[in-house]
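This report concerns only the one structure given below.
Every read-out reported here was derived from the displayed coordinates using simple, explicitly stated rules and does not represent laboratory data. On a predicted model such as this, the values are computed, not experimentally measured, just so you know. Ideal geometry is used to build each Cβ from the backbone, glycine not excepted, and the neighbour counts take in all protein chains shown.
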Amino acid sequence: MRGVGLSRAKVLALRDLSEKVATRRLPTLDEAHLLDDAALIERLIEVRGIGRWSAEMFLMFRLGRPDVLPVDDYSLRKAYATAFRKRKLPSPEALAKAGEKWRPYRTVASWYLWQTLNK
């Protein structure tokens, strides 16, 4: 894998992912659909190279989960600050608090906020 240009970190991440899939420590896609968001995030972040943000993007864009608010996403924090005319970026905690009013559709709110950055 190094010979085709992958960094050492990517190789280690791919090996860890492969090992966890082979030993069934990660759910299959069908099993993932049955897990709640928090449980699935915890399972995914056990893989080297997959953090909370990556797990949340998987929930939103692959599994179509309607109520995910990736509060650590810089672009989302920037979009929120712009849309709501804030002088500074909200902290992840402040964004989580503000996002409570968007339940159970925080994914949709995130999509709309991200779209404001393209204008």
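For the chain, a simple Cβ point-charge model (Lys and Arg +1, Asp and Glu -1, everything else neutral) yields a dipole of about 660 debye relative to the Cα centre. Of the GluC sites (Glu not before Pro) found in the range 15-82, those that fall in a DSSP loop while having at most 14 other beta-carbon atoms within 10 Å are Glu46. At 0.890 mPa s and 25 °C, plugging the Kirkwood radius over alpha-carbon pairs of the range 74-116 into Stokes-Einstein gives what diffusion coefficient in µm²/s? Estimated diffusion coefficient is 239 µm²/s. All distinct Cα pairs of the chain go into the 1/r average, and the inverse of that average, the Kirkwood radius, is 15.9 Å. Taking a label point 7 Å from the Cα of Trp53 along the Cα→Cβ vector, which residues of the range 83-118 have an amide N closer than 14 Å to it? Under 14 Å, as judged by backbone N against the label point of Trp53, lie 92 of the range 83-118.
Extending 7 Å from Cα along the Cβ direction at Phe61 and again at Glu46 yields two label points whose distance is 2.5 nm.
The distance linking the range 53-119 with the range 16-51 is 23 Å (Cα centroid to Cα centroid, whole angstrom). You can think of it this way: the chain between Leu12 and Tyr105 has 29.9 nm of extra reach, that is 0.36 nm per residue less the Cα-Cα gap. Each label point was placed 7 Å from the Cα along the Cα-to-Cβ direction; for Asp36 and Tyr112 their separation is 2.6 nm.
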